[in-house]
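J.: The structure that follows is given in the form of structure tokens.
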Amino acid sequence: MTAYLIRNVSPVGGEPTDLLIRDGVVAEVGAGLTADGATVVDATGLVALPGLVDLHTHLREPGREDAETVESGSRAAALGGYTAVCAMANTSPVADTAGVVEQVWRLGREAGLVDVQPIGAVTVGLAGERLAELGAMADSAARVRIFSDDGHCVADPRLMRRALEYVKAFDGVIAQHAEEPRLTEGAQMHEGEVSTRLGLTGWPAVAEEAIIARDVLLAEHVGSRLHVCHVSTAGSVEVLRQAKARGVRVTAEVTPHHLLLTDQRAESYDPVFKVNPPLRTAADIAALRAALAEGVIDVIATDHAPHAVEDKECEWAYARPGMLGLETALSVALDVLGPRWDLIAERMSRVPARIAGLTGHGLDPAPGVPANLTVVDPAARRVIEPAELASRSRNTPYARMTLPGRIVATFLRGEPTVLDGKAVK
Ligand SMILES: [Zn+2]
């Protein structure tokens, strides 16, 4: 195992220092370190963050390997500064059994680029009719702790209650895609001025807010853990604020795209901007950014959703919802939040690692800590070129935009997965 000496890097909230990485851990931290045989990485002007952790990634394998594989998605994640991702269950077959979650987990280990933590489905086949074998998935080699029907809402309140009750035994968490399906039938974009002007069926904010309100009450009643996926409206923030003030065990995430892009993008009719929940208004964005800084929203999660060309480059009405996110998330966060590194580390690494129960991730570099970290050049600016992304898909909403920040290196348990901004394997 090679040792790495990262010279003159700024840890979060600290002065530039050297980090010696050896045998999978941060061996030493201090100025002027030396180590025979270590590969030296000059990190002057760069920042060392704990490796990023994504609570919401679609890796598409098994079933849609034309859009993404565990390996290609893992490479995209490493290039984005991630050391762990939670893989959503809406694959084909659905990850609703111990067999499928173990398959995804094993594929992640084989790729060896990030830790892939499978999320299990809440209901069989994501059909919303009966509970999947949550216990078998929790007991499997994949040790599933987060369950979600993401892509679909667990709309039946009785099923939602039973799911929350079930996972309480092993301190699991139900991650809800909050969308009251009766209020979003045929929806194409955010319901508001722009949808009226374009004549497209709207997805009203209240369809999200109503489910979150119901679910925080259910979680409170059961005393169980709820996580709300991709919060997108100012009203949802208020519901979460009240629930947290009462002590409900609820956490929430926001995506990079919901922090940066508004529903006006739909005016282009370019389906790359079609996503679920839809892009909202400038007022929603302002509320989401404030909630993130305040801690009402706990986490930035990518909702990385690769789609094959034929599913995306078609008429708006027929296009699948979803956007790529892994390779651009840190840059969008930096653009939106500025160089508030402690906040970025908190929302993109420490807190998501804690929610997912991923010990060894989300830890700032210190002697003896597993060397899961990423090194960022905050001064770099880059133009996003879809053709240069490691994902198998090309549906980035940031094409040809200039964004700040560049991932220079990522280490997974002391081994580089990215060096000089390039994937190592
Ligand atoms: Zn979703």
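J.: Can you name the residue in segment 263-275 that is part of a loop (DSSP other than H, G, I, E, B) and surrounded by fewer than 20 Cβ atoms within 10 Å (Cβ to Cβ) and is also nearest to the chain's Cα centre (by Cα) among such residues?
T.: For segment 263-275, the residue satisfying everything is ASP270.
J.: Identify, please: which residue in segment 174-223 is surrounded by fewer than 17 Cβ atoms within 10 Å (Cβ to Cβ) and basic (Lys, Arg) and is, among those, farthest from PRO118 (Cα to Cα)?
T.: Restricting to residues being surrounded by fewer than 17 Cβ atoms within 10 Å (Cβ to Cβ) and basic (Lys, Arg), the top hit is ARG197.
J.: Report yes if some residue within segment 318-329 is outside any helix (DSSP H, G or I), touching a residue at least 40 places away in the same chain (Cβ under 8 Å) and surrounded by fewer than 16 Cβ atoms within 10 Å (Cβ to Cβ); otherwise report no.
T.: no
J.: Please specify each residue of segment 229-251 satisfying the condition of being at positive phi and either under 15 Å from the mean Cα position of the chain (by Cα) or in a strand (DSSP E or B) (or both).
T.: Across segment 229-251, the qualifying residue is only HIS230.
J.: Any residue in segment 220-234 that is within 16 Å of the ligand (Cβ to nearest atom), within 23 Å of ALA353 (Cα to Cα) and in contact with a Lys or Arg (Cβ under 6 Å, 6 or more places away or on another chain)?
T.: Checking segment 220-234: at least one residue is within 16 Å of the ligand (Cβ to nearest atom), within 23 Å of ALA353 (Cα to Cα) and in contact with a Lys or Arg (Cβ under 6 Å, 6 or more places away or on another chain).
J.: For segment 33-94, give me every one of the strands (runs of 3 or more DSSP E) that falls completely inside it and has 2 or more residues that are within 16 Å of the ligand (Cβ to nearest atom) and at pLDDT 95 or above.
T.: Because the criterion is at least 2 residues that are within 16 Å of the ligand (Cβ to nearest atom) and at pLDDT 95 or above, the strands (runs of 3 or more DSSP E) in segment 33-94 that meet it are 52-57, 82-87.
J.: What's the total number of residues in segment 1-28 that are touching an Asp or Glu at 6+ places or on another chain (Cβ under 7 Å) and under 9 Å from GLY414 (Cβ atoms)?
T.: Residues meeting the conditions: 1.
J.: Select, from ASP115, ASP96, the only residue that is buried (at least 16 other Cβ atoms within 10 Å of the Cβ), farther than 15 Å from VAL70 by Cβ and in contact with a Leu (Cβ under 9 Å, 6 or more places away or on another chain).
T.: Result: ASP96 is the single residue among ASP115, ASP96 that is buried (at least 16 other Cβ atoms within 10 Å of the Cβ), farther than 15 Å from VAL70 by Cβ and in contact with a Leu (Cβ under 9 Å, 6 or more places away or on another chain).
J.: Right, next: Could you check VAL254 against (1) within 17 Å of ILE174 (Cβ to Cβ); (2) under 18 Å from the mean Cα position of the chain (by Cα) and say which number it fails?
T.: (1)
The values are calculated or read from the model by the stated rules, or taken from the named source; none is laboratory data. Given the structure is predicted, the values throughout are model-derived calculations rather than measurements. All Cβ positions, even for glycine, are placed from backbone atoms using ideal geometry, and neighbour counts span all protein chains on display.
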